[in-house]
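Participant: Provided herewith is a single structure, encoded as structure tokens, for subsequent inquiry.
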Amino acid sequence: MEIKHLNFSYKNKEIFADFNAKFIADQLNVIIGGNGAGKTTLLNLIYGFIDRPATAMIDFPSMPNIIYKFQNMSFFDELTVKQVINFFKAMNDHTVTITNAQTRFYNEIIKGLANTKLRSLSGGEYQSVMVYCTSIMERELYLFDEPLSGIDSYIENLILDLIVSLVVEKKKKVIMTLHQLDKLDSMQAHIVFVGNKKCVFQGTYSEMLHIADTDDIDIAFKKMRSGNILLNQE
């Protein structure tokens, strides 16, 4: 999956200018960048919420083969968690294999909420339910927009394990956005850094630190976001 020479504007505002990036099929892909850099817009383009420029978006699955957990996902408040899960399951054409991480997440987080109506969930619980429901869909590509938003640290790790299991156990393609930079150290991920309307870096966590000449991810992030380091790697 690759984006080549993407130019995109919205409401006369230029979002991307000659944007180039690759996404790795057999690795977790993590998009990072400052607020307003275009991370969610990039997911919207990949999914097809926004018309894809055909020559720029290469080898991405079609919309029916993508499931997208967007950041402020909403559902009918009167449904219980169990009813929502059954709704998602019903959209699969056949029985879906559940990973060990999904089973653990269900038993530790979701099971106790099964009979709770969505309107009674906390923000973190609601987020957890939507991430879980997205994960049990059978699709070729999974998009998660800030799946750790509003989540406490223990559940953050469970969610990351669940998402990684889609890649490792189910051999799925996964792209997610993330602002918790401290999580990158423990993840084997392909990082795509969005900034200055371009992809300013793509590679591993250790490569990002090396290029920024620091062992502090926050310093590396600030350098790249400010344009002190501008690497548009193709």
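Participant: Identify, please: which residue in segment 118-138 is assigned to a loop (DSSP other than H, G, I, E, B) and not hydrophobic (A, V, I, L, M, F, W, C) and is, among those, surrounded by the fewest Cβ atoms within 10 Å (Cβ to Cβ)? Give the derivation first.
Facilitator: Residues of segment 118-138 that are assigned to a loop (DSSP other than H, G, I, E, B), as a first pass: 121-122, 136-138.
Still in the running and not hydrophobic (A, V, I, L, M, F, W, C): 122, 138.
Working: 122: 10, 138: 16.
Residue satisfying both the conditions and the ranking: 122.
Participant: Can you name the condition, by its number, that residue 35 falls short on among (1) of a type outside the set (Ser, Thr, Tyr); (2) at pLDDT below 85; (3) under 17 Å from residue 177 (Cβ atoms)?
Facilitator: Condition (2) is where residue 35 drops out.
Participant: Now, a different point. Hey, could you check segment 51-61 for residues that are over 17 Å from the mean Cα position of the chain (by Cα) and not basic (Lys, Arg) and say which is surrounded by the fewest Cβ atoms within 10 Å (Cβ to Cβ)?
Facilitator: Per the stated criteria, the residue is 54.
Participant: Is it the case that segment 104-117 has a residue that's in a helix (DSSP H, G or I) and of a type in the set (Lys, Arg)?
Facilitator: Yes - at least one qualifying residue is present in segment 104-117.
One line per residue, one yes/no per condition, for (1) among the polar types (S, T, N, Q); (2) over 30 Å from residue 7 (Cβ atoms); (3) modelled with pLDDT of 95 or more:
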| position | (1), (2), (3) |
| --- | --- |
| 161 | no, yes, yes |
| 166 | no, yes, yes |
| 183 | no, yes, no |
| 189 | no, no, yes |
| 194 | no, no, yes |
| 224 | no, no, no |
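Participant: State yes or no: is residue 90 farther than 22 Å from residue 157 by Cα, out of contact with any Gly (no Cβ under 7 Å at 6 or more places or on another chain) and either surrounded by fewer than 20 Cβ atoms within 10 Å (Cβ to Cβ) or of a type in the set (Lys, Arg) (or both)?
Facilitator: When the stated conditions are applied, residue 90 passes them.
Participant: Search segment 65-82 for residues that are more than 18 Å from residue 163 (Cβ to Cβ) and touching a residue at least 12 places away in the same chain (Cβ under 8 Å) and pair each with any residue that is part of a loop (DSSP other than H, G, I, E, B) and of a type in the set (S, T, N, Q) when their beta-carbon atoms are under 6 Å apart and the residues are at least 6 apart or on different chains.
Facilitator: 80/115; 81/116
Participant: Could you identify the single residue in 86, 92, 29, 20 that is over 15 Å from the mean Cα position of the chain (by Cα) and modelled with pLDDT of 95 or more?
Facilitator: Matching residue, one of 86, 92, 29, 20: 20.
Participant: Continuing with the same structure: With respect to residue 153, is the statement that it is without any contact (Cβ under 8 Å) to a residue 60 or more places away in the chain, in contact with a strand residue (DSSP E or B) (Cβ under 9 Å, 6 or more places away or on another chain) and not aromatic (Phe, Trp, Tyr) true?
Facilitator: So residue 153 fails the test.
Participant: Going through segment 1-12 one residue at a time, which ones are hydrophobic (A, V, I, L, M, F, W, C) and part of a strand (DSSP E or B)?
Facilitator: Correct list: 3, 6, 8.
Participant: Okay, next question. Mind checking which residues of segment 2-32 are in contact with a helix residue (DSSP H, G or I) (Cβ under 9 Å, 6 or more places away or on another chain) and over 27 Å from residue 217 (Cβ atoms)?
Facilitator: 8, 10 - these are the residues of segment 2-32 that are in contact with a helix residue (DSSP H, G or I) (Cβ under 9 Å, 6 or more places away or on another chain) and over 27 Å from residue 217 (Cβ atoms).
Participant: If I ask for residues that are surrounded by 15 or more Cβ atoms within 10 Å (Cβ to Cβ) and closer than 21 Å to residue 46 by Cα, which ones from segment 64-86 would you list?
Facilitator: 66, 67, 68, 69, 70, 71, 73
The values are calculated or read from the model by the stated rules, or taken from the named source; none is laboratory data. All figures in this text were calculated on a predicted structure; none of them were measured in a lab. Using ideal geometry, Cβ is built from the backbone for each residue, glycine included, and neighbour counts are taken over all protein chains shown.
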